[in-house]
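The values are calculated or read from the model by the stated rules, or taken from the named source; none is laboratory data. Because the structure is predicted, anything quoted here is derived from the model rather than measured. Note: ideal-geometry Cβ built from the backbone for every residue, glycine included; neighbour counts use all protein chains shown. Just so you know, the surface numbers come from the protein's heavy atoms only, side chains and all, with ligands and any DNA or RNA stripped out. Shrake-Rupley method; radii C 1.70, N 1.55, O 1.52, S 1.80 Å.
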Amino acid sequence: MATQLSNAVEIFGQDVYTTSLVQQHTLGSVGFTADGRKFRYASVQPSAGGATGQPTGATLVSGNVLQGPAQIANHLALVPLAATAVGDTTITLTLGATAAYANQYAGGYMIVSTTPGNGYAYLIKSHPAAASSATVLLTLSDAIKVATTTSSRMDLQQNQYSGVIQAPVTTATGAAVGVALQPIAANTDGTLNFGWIQTYGPSATLITGTPAVGQMVTSVGAAAGAAAIFSGTLPAIGYTMSTGVTGKNNAVFLTID
């Protein structure tokens, strides 16, 4: 019998344990099972076939901790080509020395990091592909609220559920977003696979180290995809429900969101 989702998302195109090559929900959509576990809808970073210069992913491993897409330094503090007025829904920015593939930031955000307009985050609707150091035209879902100028600076932030990957060893390159419920393939042709990842409630999570019962754990440790004893540096992702055994999948109550 399939494990069905309920509550927050009213119509479900996918069961919690299925994958799809066709996107069924908005990335980041929330779903719950009747026992209170919480899930987010996500896509998996392709293993090959993507845009040149973009990071590659791997098929998700059940119980592995996941992070969102790695930040791209060359897509931060970007210079606008021209000023915008209140109510505008398009803006052209000049990229740094890394290309952007079409709609890489769709569902993500343009963060205004330098005044004028500082402190606003705008949802990105779409954009074409752009070469490194070239301009990219963003179409925004949110209209500009405070006029910007060529002195403003903008950061591009992907939707954190777009192209999720296994949490790396030692140093995070993105924020923790969930734990894999099942293998979701990283495609070799550059296309995306979609499915649900868990963010709250009891889970079978890979452990590194030997956390005690009830101890908080975090997302980056000595093994890729493993939860480690909370050190106070990165946010806690949950707490152990049983004594942790390194290299094993143990019961962790997730509290990511």
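A few points about this structure:
- Taking amide hydrogens as placed 1.01 Å from N in the peptide plane, the amide H of residue 153 sits under 5 Å from those of 113, 114, each at least 5 positions away in sequence or on another chain.
- For region 12-127, the solvent-accessible area of protein heavy atoms averages 43 Å² per residue (probe radius 1.4 Å; ligands and nucleic acids excluded).
- Along principal axes, Cα extents of the chain, largest first, whole Å: 57, 39, 34
- Cα-centred dipole magnitude for region 30-175, charges only on beta-carbon of K, R (+1) and D, E (-1), debye, nearest 20: 160 debye
- Heavy-atom accessible surface of the chain: percent carbon and sulfur, 1.4 Å: 56 percent
- Reducing region 239-257 and region 165-218 to their Cα centroids gives an inter-centroid distance of 12 Å.
- Relative pair counts by distance (%), Cα atoms of region 112-212, 10 Å bins: 11, 29, 30, 21, 9, 0
- Take the Cα of residue 103, step 7 Å toward its Cβ, do the same at residue 150, and the gap between the two points is 3.3 nm.
- Computed over protein heavy atoms with a 1.4 Å probe, the accessible surface of region 139-257 works out to 40 Å² per residue.
- Listed residue (215, 79, 23) projecting farthest to the positive dipole end of the chain, Cβ model: 215
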